[in-house]
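Please treat every number below as a calculation from the coordinates, not as lab data. Bear in mind that the values here come from a model prediction, so they are computed numbers and not experimental data. All Cβ positions, even for glycine, are placed from backbone atoms using ideal geometry, and neighbour counts span all protein chains on display.
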Amino acid sequence: MIKAADLRQKQADELLQMLGDMRREQFNLRMQQGTGQLARSSQVRSVRRDIARIQTILNEKKRDGASK
């Protein structure tokens with residue numbers, strides 16, 4: 001699990017890179033789940049929430065940049 005405070009300290013390009021990595025991980029977990037190879041199904045939920053957290057921070061940064 002990634003903490004929101006840690007994400008807020010990162011630059012937008014770093015967050016976009018992390019978002020891409022998390023989406024790839026989500027895809028891989030879905031493929032493992034589909035083939036029955038996934039050992040811990042809670043990983044899918046955790047990755048999905050991390051993606052949402054990163055997107056929220058990116059939207060905050062975008063909104064703050066537009067208001068200045």
> Residue check: is L29 part of a helix (DSSP H, G or I), out of contact with any Asp or Glu (no Cβ under 9 Å at 6 or more places or on another chain) and either in contact (Cβ under 8 Å) with a residue 24 or more places away in the chain or surrounded by 13 or more Cβ atoms within 10 Å (Cβ to Cβ) (or both)?
Replying inline: yes
>> Considering only residues that are surrounded by 13 or more Cβ atoms within 10 Å (Cβ to Cβ) and among the polar types (S, T, N, Q), which ones fall in the stretch 48-58?
In response: Q55
> Could you say whether any residue in the stretch 36-47 is at positive phi and loosely packed, with under 12 Cβ neighbours inside 10 Å?
Replying inline: yes
